[in-house]
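First up is the structure itself, then whatever we jot down about it.
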Amino acid sequence: MVRVVFGVLGPTVAAGDSGGALALKGPRHRAVLARLIVARRRVVPVARLVEDLWVDPPPGAVGAVQTFVAALRRVLEPERPPRAPARLLVTDGPGYALRTEPDTVDAWRFETALATAAGLPAQQALATLEEALGWWRGPAYAEFADEDWSRGERARLAELRLQAVERRAEAHLALGRPADAVPDLDAHLTEHPWREDAWRLLALALYRQHRQGDALAVLRRAREVLTNQLGLDPGPRLRHLQSDILTQTPTLDLPPDTPGPPPHPPRGARNRALGSYEPAPNTPAHPHPPRGARNRAPSPIPPEPNTPPPPATPADLWTRAAKTYNRTVAKGTRARLESTVGLIRNLAVTGGEGLAEARHHRTAAITAAEEFADPELTARVIGAYDVPAIWTRADDPPAAEHIVAVAERTLAALPAGPHDTARCRLLATVALETRGATGPRGPEAAREAETLARRLDDPALLAFALNGRFMQSFTRAGLAPQRDAIGAELVELAVRHGLVTYEVLGHLIRLQARAALADFAAADTHAATADRLAERHELPLVGVFTEWYGALRLSATGEPARAETACRAAAARLDGAGMPGLERGLLPLALLCLRLTHGFPPDPDPRADWGPHRPWAEPFTLIAEGRHTEARTALHALPEPPHDLLYEAYCALEAEAALRLDDRTVLERARTRLRPAAAELAGAGSGLLTLGPVERYLTD
């Protein structure tokens, strides 16, 4: 029998022996499973399940529950023979029960670990608690937060988690590691300021780091929070701790067998930020060594007085700043989260692994921000990632959908007026992340963002909004002049206000637009300027686009052999650039377009990775194999071309295939789509490839 494990410390999931997630289908299937887990192996009557699943049960609700249970059984016990009794999700009397073992549900294991840790030595307790807290993926039963049947269990598990965090801090203190306890406690209290024991532990941890003033400040803050928010006076443990700190009671020190803390800082070393000290004037930077240290290796000879320190390299400065930041800014705080987003933004423009990592960490940062339940913070975290974007296909569509969903929720929670700057950044983000999609929301968000940015008269905000407008300027063919105007405004704005990355974006947009209009002299100028700025400011991804433009130019000016060599070289440069939305299928698509443009047999490779472009290549593959009926079927099955930089290229491919199959219906459809771009080169607006003049397809 396959062993199934269940996770409810976050969204409800199930996994098999191999660790792979099981497909639990729709939300009501998950709700049935979660409801049975809440029951802890007890029977839940069918009538109760119906009440819990629907506010107003529809006719046939009982049958629907039976259907959900049957589907769950097929997933949880796939090897069970037909008509054999279920062993895991069983029928018992008037209802159902999930008869899973106690160690197969993460919430149940968490409770066991918490109880076990209470009787373990500090080192083992710490390891147990660290592992148990690592099982949490979000709030318990996350997708059922509003359900009455989950509320009590969610509250109980949340309380146990808070206890585990505090017990972990106690273990750190018992092991003589007060510095390890401080950041977690500080973050813990930011979210749960009513936890008296956490205030006590934080003050004690600071005191054991010889930060008596900070410890007393924490106790004062605890009194203010408890009094102002809850109308309560601090309890006896907090009051006694304050008295003990003021009198430096010996019982506050570490147990005798515990490794001691670092020595006292020098006199005058009041900390100005959590965890940092500055030596007082004329005080040695290092304290006297503790007693018993005489036999240690002697210190290096001190430098002569007034000798300036050696100059720090950029690497040294980075290392020192990072260490100071880690020491002074508590983990889990809003400040650390917002600073992280700034770092992610800078990482994104480094290309390659940096861009891929930035995408991953950005999504995690947005999820973390939303957990604070602070719309202003979430808006700042989302809006801080104003990384210029030139390619109109998402590299990670699920992440883009998630970001848009969070942005829309945050927009709904932020009133207009005092939050217009944040709203503008959220709207620009929606416009950017819905790139290439059909539907009105993207263009609508782009217009709103641009209107707000112009009214607020903020150059950086306007540049961000114009990037969103560019992403939504592909609703039909023939809009290269409009994009050229966007690029021109971006260049002028960026030069005037020192926005280098947006200056580069403006030149790349104009490169694409002028290529579409067959103005290669202007496109060459923009390519050269973009390359010069990229070299000066270390922006390696720019060269990817200018190199592909070089291949396009060779094709458009009648040099197909050199163009093919250039395409292959540009594709090699894309490898590892961190842009799967651009990279996948681009080389075979470019080679197909090159052959069609210059009158060679298309000869598409059916085994190539065509990525998202396969539907437009498929008719040519079938024609090459003599399967014309299937090719016509594939042609008629083509979807609406995505509203992105390849829109005209897809339309031209559709027209070319229809010509070869003499399909008048599709020809008329392609002509209607292409007519507004009659003065352009098909596909050249991508800056990557071309199929020659659109006018040729209209004439044919």
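Taking the charge dipole of the chain about its Cα centre, with +1 at Lys and Arg Cβ atoms and -1 at Asp and Glu Cβ atoms, the residue from Ala368, Leu589, Pro178 reaching farthest to the positive side is Pro178. Using Cβ point charges alone (K and R +1, D and E -1), the dipole size of the chain about the Cα centre works out to roughly 1500 debye. Rolling a 1.4 Å probe over the heavy atoms of the protein chains gives segment 65-209 an accessible area of 44 Å² per residue. In plain terms, the chain from Arg220 to Arg664 could stretch by 151.7 nm, reckoned as 0.36 nm per residue minus the Cα-Cα distance. Could you look at segment 352-440 and say what percent of its accessible area is carbon and sulfur, using a 1.4 Å probe and all protein chains? Answer for segment 352-440: carbon and sulfur cover 56 percent of the accessible area. Each Lys or Arg adds one and each Asp or Glu subtracts one; over the other residues with Cβ under 11 Å from the Cβ of Ala527, this totals +1. Of all beta bridges DSSP finds with both residues in the chain, what is the antiparallel percent, to the nearest 5? The answer is about 90 percent antiparallel. Positive end of the dipole of the chain, charges at C-beta (+1 Lys, Arg; -1 Asp, Glu), about the Cα centre: which of Gln482, Pro642, Gly342 has its Cα farthest in that direction? About the Cα centre, the residue reaching furthest to the positive side is Gly342.
Evaluated with a Cβ-only charge set (Lys, Arg +1; Asp, Glu -1), segment 1-80 carries a dipole of roughly 180 debye about its Cα centre, given to the nearest 20.
When only the Cβ of Lys, Arg, Asp and Glu is charged (+1, +1, -1, -1), the dipole of segment 106-219 relative to its Cα centre reaches about 420 debye. One Cα centroid belongs to segment 568-583, the other to segment 588-622; the line between them spans 18 Å. With the helix formula -39500 (n - 2.57) applied to DSSP H stretches of n ≥ 4, the chain reaches a computed 222 nm mean residue ellipticity of -19000 deg cm²/dmol.
Below 12 angstrom from the Cβ of Trp548, what's the summed charge of the other residues (Lys, Arg +1; Asp, Glu -1)?
Result for the neighbourhood of Trp548: +1.
Charges on Cβ only, +1 for Lys and Arg, -1 for Asp and Glu, centred on the Cα centroid of the chain; of His526, Gln229, Pro443, which one is farthest towards the dipole's positive end? So the residue we want is Gln229.
Between Ala70 and Ala21, what FRET efficiency follows from the Cβ-Cβ distance if R0 is 22 Å, with the result rounded to 0.05?
Numbers: r = 20 Å, r/R0 = 0.92.
In this case the efficiency is close to 0.65.
The values are calculated or read from the model by the stated rules, or taken from the named source; none is laboratory data. Because the structure is a prediction, the values reported are computed rather than measured. Here the Cβ is made from the backbone with ideal geometry for all residues, glycine too, and neighbour counts use every protein chain on show. Note: accessible area is taken over every heavy atom of the protein model, side chains too, but ligands, DNA and RNA are not part of it. Shrake-Rupley method; radii C 1.70, N 1.55, O 1.52, S 1.80 Å.
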